[in-house]
Structures are given as C-alpha cells and as structure tokens.
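Following: one structure in structure tokens, then a few remarks.
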Amino acid sequence: MTKIAVLGNGRVGGTLATALTRAGHEVTVADSTPGAAAAAARAARIVINATPGSDSLDRLAALREELRGRILVDVSNATADGPDGLPAGLIYPGSSLAEHLQEALPETSVVKTLNTMLFSVMTAPGALSQAPDAFLSGEDPWAKQTVRDLLKDLGWREEWITDLGGIETARATEAAILFVPHVIRTSGFTPFAISIAR
Ligand SMILES: NC(=O)c1ccc[n+]([C@@H]2O[C@H](COP(=O)([O-])OP(=O)(O)OC[C@H]3O[C@@H](n4cnc5c(N)ncnc54)[C@H](OP(=O)(O)O)[C@@H]3O)[C@@H](O)[C@H]2O)c1
C-alpha cells in the first residue's frame, strides 16, 4: 500500500484514483480548492499530476516544499487548444513540460507516463485490440521502477512498459498529443493509445 495524491478530479484523475484505490493504495484526490493540492502532496509518497498541463508548471513549482522527496508522476499534456477545444499546438515546443517540472523541482523525481492515450486506456490497457505502450521518461531509475510497479497495479504488463530514458525523452511523448485531434476527428472517442508497432 502506498500513499498517493492525485491532483485533479477530472476524467484522468478520477479514473486513476478509482483504479489505484481498488488496487489497495491509500489515495487522496485534490480538486482546485485552494490548499487541497498542498495538503494532499504533503501526506503522499507519490503525487500524480492530472491537472491541465497549460498551467501545471506554475501550480506545481509553488508546491516545491510539499513535493520535496516525492515522486511526481506527470500524466498531463501542455497544449494550446484550437477553436474546437481539441489540442492544436504545444506550449513547450523544443522542450517539454516534464523537463520544466524537473528543473523547477530539483528535489522531486519527475516521471512522465500515460500521456499518450485516452484516459480510459490508462486503467484498462488490456481492453484494446492490440497491446498498447506505456512510456516512461525520467532521471531517477528507482522512481521509474516504482512507477512501473504502479502501472502493473493498473493492469499494464511488463512487456507493454517502455523506458525511453531521461526526462528529455518526454519531448517525444508530449509531442504525440498532436496526433490526438486528428484521431478523434476520424474515429471519435473510441479508446486508443499511441504505440510503437513491433
Ligand atoms: N482526457 C484524456 O483522455 C487525457 C489523456 C492523457 C492525458 N490527459 C491530460 O491529463 C490532464 C487532465 O485531463 P482531464 O481530461 O482529466 O481534464 P479535466 O477532466 O478537465 O480535469 C482537470 C481537473 O483538474 C482540476 N484542476 C484544475 N486546476 C487545479 C488545481 N489548481 N489543483 C487541483 N486540480 C485542479 C480541475 O478541477 P476543476 O474542475 O475544479 O477546475 C479538474 O478536475 C490534462 O493535462 C490532460 O492533457 C488527458
């Protein structure tokens, strides 16, 4: 059992919190109520960022003390939305939100994962017709192993989890968000994951 704080109580946060609770973890969910994220992070060992990526950097940098020594699992995407409300561009082209978070939070181990799929796939990867990939990006091998174990609790098989390397590899997975509006326009919200065919 691990104490986990989920920041964000939307589609992603709610889905992850339910599945992690079912897996036996002690989960606290923080919504946008002032002070809720700080209190949840302070009491947790693992903190999951499931809030809008566009302003995550400011929000999480303000929690530097609360996040010290924690693993920060960043599943967010930092995008500018188009007129249809779908992601249309990257807020950190040539870099990534994950890299900025790691720089702003040097005493926190940031691990990027699960940002390359529809939220429902995060906790039901076996429901797709082909095996999906969950990518890991981060500097701290121990933190990545901890997140790998957490993914297994969510139904991910070892062979579906790919460690891409350091935090800079999050540039690739964050850029994959540019597929999403086109996938949704052609296939709707049918569950999908951006994966590497082998
Ligand atoms: N939806 C997907 O399939 C999907 C897939 C991969 C990655 N992502 C990423 O995951 C993140 C969440 O997506 P989502 O679809 O779950 O969005 P969502 O349904 O709009 O939920 C976002 C949640 O964040 C909360 N929030 C906003 N500011 C906050 C703050 N200061 N502290 C704590 N919570 C705060 C919102 O609370 P209020 O309602 O009170 O404002 C809301 O509950 C985004 O970065 C998104 O890019 C989404």
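Summary of computed values
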quantity	calculated
Qualifying residue in the stretch 105-119 (condition: assigned to a helix (DSSP H, G or I), open to solvent by 40 Å² or more (accessible area, probe 1.4 Å) and within 14 Å of the ligand (Cβ to nearest atom))	yes
Residue selected from the stretch 70-90 under the condition farther than 20 Å from His100 by Cβ and without any contact (Cβ under 8 Å) to a residue 40 or more places away in the chain, by the criterion surrounded by the fewest Cβ atoms within 10 Å (Cβ to Cβ)	Pro83
Scan of the stretch 26-41 for residues that are over 17 Å from Leu57 (Cα atoms) and either surrounded by 17 or more Cβ atoms within 10 Å (Cβ to Cβ) or hydroxyl-bearing (Ser, Thr, Tyr) (or both), ordered by number	Val27, Thr28, Val29, Thr33, Ala40
Only listed residue being among the aliphatic types (A, V, I, L, M), out of contact with any helix residue (DSSP H, G or I) (no Cβ under 7 Å at 6 or more places or on another chain), without any contact (Cβ under 8 Å) to a residue 60 or more places away in the chain and part of a helix (DSSP H, G or I), chosen from Ala39, Ala19, Ala44	Ala39
Per-region count, the stretch 23-59, residues β-branched (Val, Ile, Thr), within 10 Å of the ligand (Cβ to nearest atom) and farther than 20 Å from Gln145 by Cα	3
Test: residue in the stretch 190-197 that is in a helix (DSSP H, G or I) and in contact with a Leu (Cβ under 8 Å, 6 or more places away or on another chain)	no
In the stretch 7-22, residue nearest to the ligand (Cβ to nearest atom) [restricted to those that are under 14 Å from Met122 (Cα atoms) and surrounded by 17 or more Cβ atoms within 10 Å (Cβ to Cβ)]	Val12
Residue in the stretch 52-65 that is in a loop (DSSP other than H, G, I, E, B) and under 22 Å from Phe189 (Cα atoms) present	yes
Long-range neighbours under 7 Å by Cβ, at least six apart or interchain, first residue modelled with pLDDT of 95 or more within the stretch 155-182, second outside any helix (DSSP H, G or I) and of a type in the set (Phe, Trp, Tyr)	Thr162/Phe135; Leu164/Phe135; Thr173/Phe135
Any hit, the stretch 128-135, residues being surrounded by fewer than 16 Cβ atoms within 10 Å (Cβ to Cβ) and among the charged types (D, E, K, R)	no
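The values are calculated or read from the model by the stated rules, or taken from the named source; none is laboratory data. Computed from a prediction, not measured in an experiment: that's the story for all the values here. Here the Cβ is made from the backbone with ideal geometry for all residues, glycine too, and neighbour counts use every protein chain on show. The area values use the complete protein model at the heavy-atom level, side chains included, leaving out ligands, DNA and RNA. Shrake-Rupley method; radii C 1.70, N 1.55, O 1.52, S 1.80 Å.
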